[in-house]
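A short write-up of the structure that comes next.
The values are calculated or read from the model by the stated rules, or taken from the named source; none is laboratory data. Quick caveat: nothing in here was measured; it's all calculated off a predicted structure. Every residue, glycine as well, gets a Cβ built from its backbone with ideal geometry; the counts of neighbours run over all protein chains shown.
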Ligand SMILES: [Zn+2]
Ligand SMILES: [Zn+2]
């Protein structure tokens, strides 16, 4: 029964290979506003642009004032995908507003 008891010890010590936030599926934050102009960007809008760090902008700022590059990290800004409404119930969008002090100009 050596194998059995060492398996029990392993289980008591806790699983080793689980992701840090086990049970929480990784997903985009879907921030609620543009970092530049603070315009609302609901999760179903086609006008949201994000960089790979999820800095979030409206299309007007992304293509206008910041020139298609994230002003925070210099990365590419692309259209944020829409999260289907039925998924939003279980995986709600972030409500934490983030705005650059002084805007992006
Ligand atoms: Zn904006
Ligand atoms: Zn960025």
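Only one residue in 73, 34, 58 is under 19 Å from residue 101 (Cβ atoms), out of contact with any strand residue (DSSP E or B) (no Cβ under 8 Å at 6 or more places or on another chain) and at pLDDT 95 or above. Which one?
Residue meeting the stated conditions: 73.
Examine the range 67-74 for a residue that is outside any loop (DSSP other than H, G, I, E, B), under 14 Å from the mean Cα position of the chain (by Cα) and either more than 16 Å from ligand 1 (Cβ to nearest atom) or surrounded by 12 or more Cβ atoms within 10 Å (Cβ to Cβ) (or both), and state whether such a residue exists.
No: the range 67-74 contains no residue that is outside any loop (DSSP other than H, G, I, E, B), under 14 Å from the mean Cα position of the chain (by Cα) and either more than 16 Å from ligand 1 (Cβ to nearest atom) or surrounded by 12 or more Cβ atoms within 10 Å (Cβ to Cβ) (or both).
Restricting attention to the range 38-51, does a residue exist that is under 17 Å from residue 26 (Cα atoms), at pLDDT 95 or above, surrounded by fewer than 15 Cβ atoms within 10 Å (Cβ to Cβ) and under 13 Å from the mean Cα position of the chain (by Cα)?
no
For a quick check of your reading of the model, give me the residue pairs whose first member lies in the range 48-74 and is farther than 21 Å from residue 93 by Cα, whose second is loosely packed, with under 14 Cβ neighbours inside 10 Å, with beta-carbon atoms closer than 6 Å and at least 6 apart or on different chains.
The qualifying pairs are 65/105; 73/53.
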